[in-house]
Amino acid sequence: MDAELQESFVEFVDSRSSALLRTAVLLTGGDRHAAEDLLQNALIKAAGRWQRIDEPEAYVRQVLYRQQISRWRLKWRRRELTVAEPPESPPASAAEARLVLRAALSRLTARQRTVLVLLPHSRLRSSGGTPTFEDLPEADVARLLGCSVGTVRSTTHRSLARLRTLAPELAALDPDPGRAQPPSHDYSPVEVRP
């Protein structure tokens, strides 16, 4: 790599690495060390092709997604430990909300996490107020994951249901509190008198 290309690569890494690391952390379920490894490998691949890359950030993000997909396709990569915790009160600050979201995302499967990270805000907001991060159309997510749009939709549905179960306090973060909520059904027994 000549000096001019090397300088442009260093500028790219300096300016975009923090945003790319946030995405990698989300893709790895909050595991910062795995995210750093994921990003480092993606940047190494980008450095080798730097002179041929038209859109560097798009290229690095694509490498991040594909490498993460490859990681969760490996058998017996690691076993996740599930720990039951008592429910907590709703988060009071944005920082607490991020921590709750990160903890809930880490308990999803890698595929569920990836779909939620990639989908657009509007699609998920209409499904319950859960924030997303990459804002990609369903067709692009399907192409990145190598599956159909229907699979992306069904995975999204299941992922959101699981996320709501794991962190019901995230519903309090819905930016549109006036939105109609689904009716709650009370199936408690009713005393019948003769």
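Of I53, I44, all but one fail to be open to solvent by 70 Å² or more (accessible area, probe 1.4 Å) and at pLDDT 90 or above; the exception is I44. For residues that are assigned to a helix (DSSP H, G or I) and within 20 Å of S93 (Cβ to Cβ), scanning just the range 165-179, find the one that is modelled with the lowest pLDDT. Of everything passing the filter in the range 165-179, L173 is modelled with the lowest pLDDT. Within the range 1-27, the residues that satisfy the criterion of being touching an Asp or Glu at 6+ places or on another chain (Cβ under 9 Å), of a type in the set (A, V, I, L, M, F, W, C) and closer than 10 Å to L39 by Cβ are L20, L21, A24, V25. The set of residues in the range 150-163 that are farther than 25 Å from V100 by Cα and surrounded by 14 or more Cβ atoms within 10 Å (Cβ to Cβ) contains only T151. Number of residues in the range 21-56 that are aliphatic (A, V, I, L, M) and either more than 21 Å from R111 (Cβ to Cβ) or in a loop (DSSP other than H, G, I, E, B) (or both): the value is 6.
Might you let me know whether the range 147-164 holds any residue that is polar (S, T, N, Q), modelled with pLDDT of 65 or more and in a loop (DSSP other than H, G, I, E, B)? Yes, the range 147-164 has at least one match.
I'm trying to understand the selection: among the residues of the range 7-35, which are without any contact (Cβ under 8 Å) to a residue 40 or more places away in the chain and more than 17 Å from R113 (Cβ to Cβ)? Scanning the range 7-35 gives E7, V10, E11, V13, D14, S15, S17, S18, A19.
The values are calculated or read from the model by the stated rules, or taken from the named source; none is laboratory data. What you see is a predicted model, and the numbers here were worked out from it, not measured in a lab. With ideal geometry, Cβ positions are generated from the backbone for all residues, glycine too; neighbour counts draw on all protein chains shown. When the accessible area is computed, the model is the full protein with side chains, heavy atoms only, and any ligands, DNA or RNA have been set aside. Shrake-Rupley method; radii C 1.70, N 1.55, O 1.52, S 1.80 Å.
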